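Reviewing the structure listed below.
The values are calculated or read from the model by the stated rules, or taken from the named source; none is laboratory data. None of the values given here were measured: they were computed from a predicted structure. For neighbour counting, all protein chains shown are included, and Cβ atoms are generated from backbone atoms with ideal geometry for every residue, glycine included.
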């Protein structure tokens, strides 16, 4: 089937929404939003305000253009605080992995012992997937060489051997997704040394399957936020492994609420005074017209022990 839709002007797009029952109180402001945010992007926030009638979508009675913008603004704020929480988890996990591996296998463990400490991981249908060490080394070389941080520039200006920097410098340069992949492939190389995956998981008070699963879904969440993707009212494809001690909070594993719980559980060992519950609660209170249930939040969620202990 050939795509035949033609581009429409902001005025034509706004008229289309008006014909569907949308109330537009400030037309210049609405046209400005369509020009600089975009109809297609705002449409993702408008769909929840529409119903199907006679085979076409119509806005519910009383819905205004401002209601769409409110959801768009809320989502921007939600991405901002989500990225802040993910940053804490990313810094923590890469520090813990780097420190553990450096203490047991030396600061250049990823160069000197890659085949021993980075093995196969379960892939689709249980098929083992080898670690792509060549890609990791290429990424490290690229990311550390182009880093503007003084510590990276100092290493390459002063040292020629090894060709790549120590683990603790690498930790500051490669991505959350790369650390997630490293964790998935970690293995015990020396019988005299502890299992690295278990030791890292134990540091966070979690099991190996939980850490592996949670890092994977959180790295995808981070990429979604970093690329300005909508996370409000989103149904996520990948779901995190259920934490049995808080099973009721994983009842809707494709919701944002479930990922908010994962971030809470991951961060608690890092900071006993974690303000993630406060930031979430404050944001939801600032937008009382946007039901938290749209993101899977249960009623009175912030009174649960998980968010208060």
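For the reader, a short list of remarks on this structure follows.
- Residues being closer than 19 Å to residue 175 by Cβ, in a helix (DSSP H, G or I) and either in contact (Cβ under 8 Å) with a residue 40 or more places away in the chain or touching a strand residue (DSSP E or B) at 6+ places or on another chain (Cβ under 8 Å) (or both) are represented in region 242-260 by at least one member.
- Taking the conditions (1) under 22 Å from residue 74 (Cα atoms); (2) crowded, with 16+ Cβ neighbours inside 10 Å in turn, residue 228 satisfies each one other than (2).
- Residue within region 197-219 that is outside the structural domain of residue 142 (by TED's automatic domain parsing), more than 21 Å from the chain's Cα centre (by Cα) and within 26 Å of residue 144 (Cα to Cα) present: yes
- Annotation: residue 36 fulfils all but one of (1) under 26 Å from residue 232 (Cβ atoms); (2) surrounded by fewer than 14 Cβ atoms within 10 Å (Cβ to Cβ); (3) over 31 Å from the mean Cα position of the chain (by Cα); the unmet one is (3).
- For region 135-168, residues that are crowded, with 16+ Cβ neighbours inside 10 Å, touching a residue at least 60 places away in the same chain (Cβ under 8 Å) and either in a helix (DSSP H, G or I) or not assigned by TED's automatic domain parsing to the domain that holds residue 115 (or both) total 1.
- Set side by side, the residues 111, 97 differ, and just one is in a helix (DSSP H, G or I) and either closer than 30 Å to residue 30 by Cα or at pLDDT 90 or above (or both), which is 97.
- Residues of region 279-307 satisfying the condition of being surrounded by fewer than 12 Cβ atoms within 10 Å (Cβ to Cβ) and either at positive phi or out of contact with any helix residue (DSSP H, G or I) (no Cβ under 7 Å at 6 or more places or on another chain) (or both): 285, 286, 288, 299, 300, 303, 305
- Positions within region 105-134 being surrounded by 15 or more Cβ atoms within 10 Å (Cβ to Cβ) and under 17 Å from residue 169 (Cα atoms), in sequence order: 105, 107, 108, 109, 110, 111
- Restricting attention to region 14-57, the residues that are in a loop (DSSP other than H, G, I, E, B) and touching a residue at least 12 places away in the same chain (Cβ under 8 Å) total 7.
- Considered as a group, the residues in region 58-86 that are in a helix (DSSP H, G or I) and more than 20 Å from residue 281 (Cβ to Cβ) include one that is nearest to the chain's Cα centre (by Cα), and that residue is 72.
- Hey, residue 83 within 30 Å of residue 233 (Cα to Cα), in contact (Cβ under 8 Å) with a residue 60 or more places away in the chain and surrounded by 16 or more Cβ atoms within 10 Å (Cβ to Cβ) or not: no
- Candidate set from region 189-203 (those that are touching a residue at least 24 places away in the same chain (Cβ under 8 Å) and outside any helix (DSSP H, G or I)); member that is surrounded by the most Cβ atoms within 10 Å (Cβ to Cβ): 189
- Options 92, 11; residue that is in contact with a helix residue (DSSP H, G or I) (Cβ under 7 Å, 6 or more places away or on another chain) and either surrounded by 13 or more Cβ atoms within 10 Å (Cβ to Cβ) or part of a helix (DSSP H, G or I) (or both): 11
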